[in-house]
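Before any comments, here is the structure.
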Amino acid sequence: MKFRSALLASAMMVLPLAAANAQVINGLYVGGGVGVNFIQREAFDMAFPGAGPGVATKSSGDMRSNVGPVVVLSLGYGFGNGLRAEVEADYRQNNGFNNPSGFGAPANAGGYEQKAGGMVNMLYDFVGMVPMVQPYVGVGVGYQAVIEQNLHFTQIGFPTATARNNHKGSFAYQAILGMAIPIA
């Protein structure tokens, strides 16, 4: 499986060390935030050894997960012109893998996935558009460690398949859209 995440929306509370109302961030800052996490459909192959005569022993398909929470802590530097660079530590979780497709008979799936890692982000602040609030956009790249727990799959005519708990990591990227509320 490829693990890709996109942080599509977040509400960030940015705590600049030297900023008042919605002004350009100039210098060191600390930030924290919460948001939502969307995962693409994930493809998988499932082997069913000993499924019985006349029943396929391998099946392929994909499944979705529910939207999950994101928690982010960051340390960054504002260049005074709207651009910011930051290092971020993050945690994401998606529960309820469901809605499997690509199978001839009804199927059911479940389990959850957690991700934790670090990202390097570049952000741009739109200063002066809205009083006391600073919208921003950005992109980031990094590494995410992935923990899959209790993944299982059931299809009529096949025995229940339970994946082992799995730990691995992968390159990650994100798109960022947010709104900062500077605190003096």
So, in nm, how far is label ASN66 from label ALA184 when the simple model puts each one 7 Å beyond its Cα toward the Cβ? 4.3 nm
State, to one decimal in nm, how far the label point of ALA145 lies from the label point of TYR124, with both points 7 Å from Cα in the Cβ direction. 3.5 nm
Pairwise FRET efficiency - ALA116 versus PHE79, Cβ, R0 = 30 Å, nearest 0.05: 0.60
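Bear in mind these aren't lab numbers, they're just calculated from the coordinates by the rules spelled out. Note that the coordinates shown come from a computational prediction; the quantities given were computed from them, not determined experimentally. Neighbour counts run over all protein chains shown; Cβ positions are idealised from the backbone, glycine included.
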